[in-house]
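Notes for the one structure printed next.
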Amino acid sequence: MTTARSGPAVQRFAATHAFALHCIAVYLLIRLVGVAILALMANLHDTGLAALATKWDGEWMLGIARYGYGGIPPWFTDGNGVHTEFTAYAFFPGYPMTVRAVSMVPGLSPLAAAMIVNVVAGIAAAVAIGRLGRFCAQRVRPAVATTGAGERTVGLVLVALFAATPMSVVLNTAYTEALFCALAAWALVGVLEHRWLLAGAGALCAGLVRPTGIAVIAVVMLAAVLAREDGPRRWSAVAMAPLGYLAYLAFVGRQTGSLTGWFRIQSDGWNTSFDGGLATWRFVTHTLGFEPAFAPTVTALVIVSSIVLLIWSVVDRVPWPVVLYAAIVMASVLLSDGLMMSRARLLLPAFVLLLPVAVRIARRPRREVVAFGAVVALLSGWFGAHMLTVFPYAV
């Protein structure tokens, strides 16, 4: 009797883990293609992978991992070439402190630790993103809904698209995207599956990794408040979600003597502040109308495409927590000024916007799906490598 009842449970367990392994395989295969192309481009430009993996903010991440916030050498400067005792606090601690902890293993440098963290985080993100794809495929508007094996295909295609976004190269450099996307994806899984401890823990940790953690926090808290059928346990997510973000802002505020200390560091050091989207509008309209260079044009097209995908997600009735998360990520990126060329990277955490595309690709014959995956892997690998080796200010 016990064996008979446990049979379906064992089968479900095996199917779930097999799907997770497929997600991991798809992700790693595409990222290996990207790293191989990056290595080739690095060789053509007489540079090394290590140098490319630590460019710009990556240098800061490894610097904080190596020296801590209080010991950053004076040659680490902000976007204006200035170094102060508070400059390092512009970077949230989740990623560099995780790298610092891993680098304590004997024989591991901070760079090696960063690469390990990114690989593990990327794998975790792939599993969660595949799960999100399967869940959402059941709930999009009937005209594009899929069932059974089709739902698994949607999940795998979404993983492939995530691994091959235009600036997915940063998933394998000393940047926060891999870790943040893993935490955000698992928090969204927690919300959609009403697993509130998972959702709250994901939001808490995401709030320690980067300021766009506010998108995860807002969605988790709102969804938990609205989930009245789940009883008191949902309040654990409401209580946990904002703690990481608020704790770091409070820490920086105490260090700088101002409650708005972190925001001042950002605006003074990196010229980043809320402007309602004026800088983005000027960049897109000027670039698409007058800019002859390749990189700015593609960046402008990525911005426009993200807006189109957001509207498409609403039309397709993608679950509202997923759409709201993407909308807040986009708002935090597009409604502020600063370095416009980093927008393609900063929009990477809005990977859920690719759901409508994933659903439609998944309905094609398997041969076409595989061919599409190969093409986007090659294009993404080349584009990311081009931006790191040819264009001077891509991330």
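A short reminder: the numbers here are calculations on the coordinates, not readings from a lab. It should be emphasised that the depicted structure is a prediction, and the values quoted were computed from it without experimental measurement. Cβ sites come from the backbone with ideal geometry, for glycine too, and all protein chains shown count toward neighbours.
Shown in residue order for the range 90-97 are the 3J(HN,Hα) couplings computed by the Karplus curve 6.51 cos²θ - 1.76 cosθ + 1.60 at θ = phi - 60°: 5, 9, 4, x, x, 6, x, 6 Hz (x for Gly and Pro).
Once the Cα atoms are used to define both axes, helix 110-137 deviates from the longest principal axis of the chain by about 40 degrees.
Counted over the range 236-395 with a bin width of 10 Å, the fraction of Cα pairs per bin, in whole percents, is 9, 27, 34, 21, 7, 1, 0.
Against the longest principal axis of the chain, how steep is helix 294-315, in degrees 0 to 90 to the nearest 10, with axes from Cα atoms? It works out to around 40 degrees. Using Cα atoms only, what is the angle between the long axis of helix 261-270 and the major principal axis of the chain, expressed in degrees (0 to 90) to the nearest 10? Tilt of helix 261-270: around 70 degrees. In order along the range 44-58, phi translates into HN-Hα couplings of 5, 9, 6, 9, x, 4, 4, 5, 6, 6, 10, 6, 6, 5, x Hz, rounded to whole numbers, per the Karplus curve 6.51 cos²θ - 1.76 cosθ + 1.60 with θ = phi - 60° and x for Gly and Pro. Given +1 at the Cβ of Lys and Arg, -1 at the Cβ of Asp and Glu and no other charges, the dipole of the chain around its Cα centre is 1360 debye to the nearest 20.
Shown in residue order for the range 232-245 are the 3J(HN,Hα) couplings computed by the Karplus curve 6.51 cos²θ - 1.76 cosθ + 1.60 at θ = phi - 60°: x, 4, 5, 5, 5, 5, 4, 6, 7, 3, x, 5, x, 4 Hz (x for Gly and Pro). Rounded to the nearest 500, the 222 nm mean residue ellipticity of the chain from helices alone is -22500 deg cm²/dmol, with -39,500 (n - 2.57) taken per DSSP H run of at least 4 residues. Each of F86, F274 was scored by other Cβ atoms within 10 Å of its Cβ. Arranged with the fewest first, they read F274, F86. Expressed in units of 2.2 N^0.38 Å, where N is the residue count, the Cα radius of gyration of the range 303-386 is 1.21.
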